Amino acid sequence: MITSSGAILLPGPLQRQIDELAQSFLQPQPTIDFSRPEGEPALIPPGSISWRMFKNPVAVFIGGVTAVLLEFAEPRVRDGVWQHSSFRTDPLTRLQRTGLAAMVTVYGPRSKAEAMIAGVVRRHERVTGWTSEGEPYRASDPVLLDWVQATAGFGFTEAYHAYVRCLTVDERGALFTEALPSARLYGATGAPASQDELGALFEMMRPRLVASPIIFEFLEIMEYVPILPVPARPVQRMLLRAAVEILPAWLRERLGIGPRWTLRLAERVFVRALAVASDRLILRSSPAIQSCHRLGLPDTYLYDRW
């Protein structure tokens, strides 16, 4: 059923199955109740571009993978994550926590978002080491935090732009503005505040971005980690290729990511159709909808025509 706002509401059993599938990926134990406390605002207001964009699970997945690939191209970020996380041993839980952190940052009540971010900052302060190239790193380095913030913004924005709908210059500018408060809380004090600043940061970091076997190990893990049911595993691989495709072409070449990770025309059409449909699909237990409930807004609030 298509509502008056253009949102898609599927028949009950199918709706529940898709809803449960989406939430099984986003919600590790313990879960967070985005519907409480009643009336408490988020770090980002509900009328924002971010609230509308992050409700799309397909674009968020694609953009998240793109962001990780960009992060892993920087040796200090790459080895900081690989040496100090459970990604190799328990990738699904790690992915769930990362996805949930993004949802809390955008939709969560301010008190819970600030507490979560403070916990991440404390953990970062304990993460130090040496890269495989012999370079020291610390996760609390503002330069690295700025890069992680920039790659996340790039990934989510470009995924939505490429596969859902083209974002205007003003919408892109708003996304930078909306991300700044949480970036500051994470310690990314020099995170890009505009498209020009993002471009300048990419140029500054360009000489530091290098190939690594870890990038391909990450992609292989993402191919087989049970995010989707086995029959839908080919779709999972398509979404990974979609993530690779929105990397800058020069970086794909430098990282040695070859044709295997290129979408065929039919796959590109399918991914776009899936992402567009996901943008209209109401998932009632999603952080976006539950956060609307917290603020007294209807389920269809984020689905009104832009």
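Here, each number is a calculation from the coordinates, and none is a lab measurement. Values in this document were obtained by computation on a predicted structure and should not be read as measured data. FYI the Cβ positions are ideal-geometry reconstructions off the backbone, even for glycines, and counts take in every protein chain you see.
Quick notes on this structure:
- A Förster radius of 45 Å combined with the Cβ-Cβ distance from residue 165 to residue 128 puts the calculated FRET efficiency at roughly 0.60.
- For the range 273-303, the list of trypsin sites (Lys or Arg not before Pro) that fall in a loop by DSSP and count at most 16 other C-beta atoms within 10 angstrom reads 284.
- Mean Cβ neighbour count within 10 Å, used as a protection proxy, ranking 131-142, 73-84 highest first: 73-84, 131-142
- Debye equation applied to the C-alpha atoms of the chain, log10 I(q)/I(0) at 0.08, 0.11, 0.12 Å⁻¹: -0.33, -0.65, -0.79
- A DSSP coil position with no more than 16 other Cβ atoms inside 10 Å describes the following trypsin sites (Lys or Arg not before Pro) in the range 147-206: 165.
- Contact order normalised by residue count of the chain, Cα under 8 Å, 6+ apart, percent: 32 percent
- Qualifying GluC sites (Glu not before Pro) in the range 29-126, where qualification requires a DSSP coil assignment and no more than 11 other C-beta atoms within 10 Å, comprise 38.
- Cα-based helix-to-principal-axis angle, 233-245 vs the chain, degrees rounded to 10: 60 degrees
- Gain on full stretching of the segment that runs from residue 33 to residue 97 - 0.36 nm per residue minus C-alpha separation: 21.6 nm
- With one equal scatterer per alpha carbon and no solvent term, the Debye-computed log10 I(q)/I(0) for the range 184-290 at 0.18 1/Å reads -1.15.
- Cβ-defined net charge surrounding residue 109, 13 Å radius [Lys, Arg +1; Asp, Glu -1]: 0
- Dipole magnitude of the chain, debye to nearest 20 (Cβ charges: Lys/Arg +1, Asp/Glu -1, about Cα centre): 520 debye
- Residue-count net charge about residue 217 - beta-carbon cut-off 13 Å; Lys, Arg +1, Asp, Glu -1: -1
- Label-to-label distance, residue 210 versus residue 120, with points set 7 angstrom from Cα along the beta-carbon direction: 2.7 nm.
- Tensor-based shape of the range 166-205 (alpha-carbon gyration tensor, a/c under 1.5 rounded, otherwise prolate or oblate): oblate
- Local electrostatic count at residue 301 - Lys and Arg +1, Asp and Glu -1, tallied over other residues with Cβ under 11 Å: 0
- Value at 222 nm in deg cm²/dmol, rounded to 500, when DSSP H runs of n ≥ 4 in the chain each add -39,500 (n - 2.57): -19000 deg cm²/dmol
- Taking the convex hull of the alpha carbon positions in the range 79-131 and averaging its projected area over all directions gives 3.9 nm².
- Cα pair count fraction exceeding 21 Å, expressed as % - the range 105-196: 41 percent
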